[in-house]
1. Can you tell me which residue among L87, L83 is in contact with a Ser or Thr (Cβ under 9 Å, 6 or more places away or on another chain), modelled with pLDDT under 90 and either crowded, with 16+ Cβ neighbours inside 10 Å or not in a strand (DSSP E or B) (or both)?
2. When you scan segment 36-80, how many residues do you find that are modelled with pLDDT under 75 and not aliphatic (A, V, I, L, M)?
3. Restricting attention to segment 39-57, does a residue exist that is small (G, A, S) and surrounded by 15 or more Cβ atoms within 10 Å (Cβ to Cβ)?
4. Can you find a residue in segment 33-42 that is more than 17 Å from E89 (Cα to Cα) and out of contact with any Leu (no Cβ under 8 Å at 6 or more places or on another chain)?
Amino acid sequence: MNNFRVICVDDRNRPDGVPTSQWPKKGQFYTVTEVSKMRVQGGLLGFKLAELNIDSCFPYQYYSANRFRIPVFTGNEETEAMLEKLLEEAKKEALETVST
């Protein structure tokens, strides 16, 4: 997977187990290095970020993808296609979670 940039749009509700120095800030850009389903949060998508590391904050290992938005234009067709696929998957999972 290629890394891609996102912007934080929701920095509310920081868990006590994550230090403020490792918490994303609204309006800041970050680089996503890994995408995974977060089992503890019902399979929601989570991001690992190059700029922030919470590996030592178990059980928090990923930031919820819902806290971020992807800039409208990346200039890279391959990255844009991958992001579109991720968004479609996230929407599908959200609908499945709501209907259960």
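1. On the way: L87 fails: in contact with a Ser or Thr (Cβ under 9 Å, 6 or more places away or on another chain).
Exactly one residue qualifies, and that residue is L83.
2. Final tally of qualifying residues: 8.
3. First, the residues of segment 39-57 that are small (G, A, S): 42-43, 46, 50, 56.
From what is left, the residues that are surrounded by 15 or more Cβ atoms within 10 Å (Cβ to Cβ) are 46.
Yes, because at least one residue in segment 39-57 is small (G, A, S) and surrounded by 15 or more Cβ atoms within 10 Å (Cβ to Cβ).
4. If we filter segment 33-42 for residues that are more than 17 Å from E89 (Cα to Cα), which is where we start, we get 33, 40.
Narrowing the set further to residues that are out of contact with any Leu (no Cβ under 8 Å at 6 or more places or on another chain) leaves 40.
Within segment 33-42, one or more residues are more than 17 Å from E89 (Cα to Cα) and out of contact with any Leu (no Cβ under 8 Å at 6 or more places or on another chain).
The values are calculated or read from the model by the stated rules, or taken from the named source; none is laboratory data. None of the values given here were measured: they were computed from a predicted structure. Here Cβ is always computed from backbone atoms with ideal geometry, including for glycine, and neighbour counts include all displayed protein chains.
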